[in-house]
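Visitor: Got a structure for you, questions after.
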Amino acid sequence: MKIEFDEQCQVCKGTGLYIGMGERDGAAVVCHKCKGTGRFYFIHTYEEFIGRMPSDKAKWVVQVNPGICIGPKNQFGGMSYQDWRSGRPFVDGMEMREYTCPCWWYQSADYNRKPNWKECDGFSGFSKCPSFCKKAQCWARWDKEFGQC
């Protein structure tokens, strides 16, 4: 399927000219997106959604990737692809607890469940937190304060 239409160029607001930080005192340049026409021809081709397609590559599904390399092993949390495909929800305990702390994990997975503990402030990277090597204790605290277990 395809959608096609003319739209006003969003970069130059239809003027065909671009005036940015480098153009001063009335100077302008021809807009790079519409080539000075003020018009942008939009084309989007797509396949109509008929349902979630199966993956022949996925074996293991983790809710989010917090920025580390992962593989298809239970040690990374998550669940089997078959469970995910059948609609099993992610529940407490499926986090990547061996490699992340609650702050790091829930910053991406569900910001509303991210702890706002004062001892977690002021680090340039979660792995630099003095408690990171004791993250199992942080997870135990998180389970008591935020967990649904």
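Visitor: When the chain is treated as a GNM, springs tying every alpha-carbon pair under 10 Å, which of D83, D25, D110 comes out with the largest mean-square fluctuation?
Guide: D25
Visitor: Evaluate the relative contact order of segment 60-145 (contact order divided by residue number), counting alpha-carbon pairs under 8 angstrom at least 6 apart; express in whole percent. Please list the in-between numbers first.
Guide: Values: 84 pairs, mean separation 21.6, N = 86.
For segment 60-145, the relative contact order is 25 percent.
Visitor: Using 0.36 nm times the number of residues separating Q82 and Y46, minus their current alpha carbon distance, what extension gain do you get?
Guide: On the way: separation 36, 0.36 × 36 = 12.96 nm, distance 2.71 nm.
Result for the pair: 10.2 nm of gain on full extension.
Visitor: If you count, for each residue, the other Cβ atoms within 10 Å and average over each peptide, how do 88-101, 42-55 line up from highest to lowest? Please list the in-between numbers first.
Guide: Values: 88-101: 17.1, 42-55: 7.7.
So the peptides 88-101, 42-55, ranked by packing, come out 88-101, 42-55.
Visitor: Across the chain, how many lysine pairs, 8 or more positions apart or on different chains, have C-alpha atoms separated by under 29 Å? Please give the number.
Guide: Here the count comes out as 26.
Visitor: At q = 0.25 Å⁻¹, work out log10 I(q)/I(0) for segment 60-145 with the Debye formula, treating every Cα as an identical point scatterer and leaving solvent out; two decimals please.
Guide: -1.35
Visitor: Let's test the formula: R0 of 35 Å, r as the Cβ-Cβ distance of D56 and M21. What FRET efficiency results, to the nearest 0.05? Could you put the intermediate results ahead of the total?
Guide: Details: r = 48 Å, r/R0 = 1.38.
Efficiency at R0 = 35 Å is approximately 0.10.
Visitor: Among C103, C31, C129, which one shows the highest mean-square fluctuation when the chain is modelled as a Gaussian network with alpha-carbon springs under 10 Å?
Guide: With Cα springs under 10 Å in the chain, the top fluctuation among C103, C31, C129 is at C31.
Visitor: Please report the Cα spread of the chain along all three principal axes, rounded to whole Å, starting with the longest.
Guide: Cα extents, longest axis first: 62, 45, 25 Å.
Visitor: Can you give the FRET efficiency for V30 and Q8, using 1/(1 + (r/R0)^6), R0 = 25 Å, r = Cβ-Cβ distance, to the nearest 0.05?
Guide: The pair V30/Q8 has a calculated efficiency of 0.95.
Visitor: Right, here's the next one. So between D121 and V91, what do we pick up on full extension, going 0.36 nm a residue minus the alpha carbon distance? Intermediate results must be reported in sequence, preceding the final value.
Guide: Values: separation 30, 0.36 × 30 = 10.80 nm, distance 2.65 nm.
Stretched fully, the D121-V91 segment lengthens by 8.2 nm.
FYI, it's all coordinate maths here, none of it is from the lab. Computed from a predicted structure; not experimentally measured. Ideal geometry is used to build each Cβ from the backbone, glycine not excepted, and the neighbour counts take in all protein chains shown.
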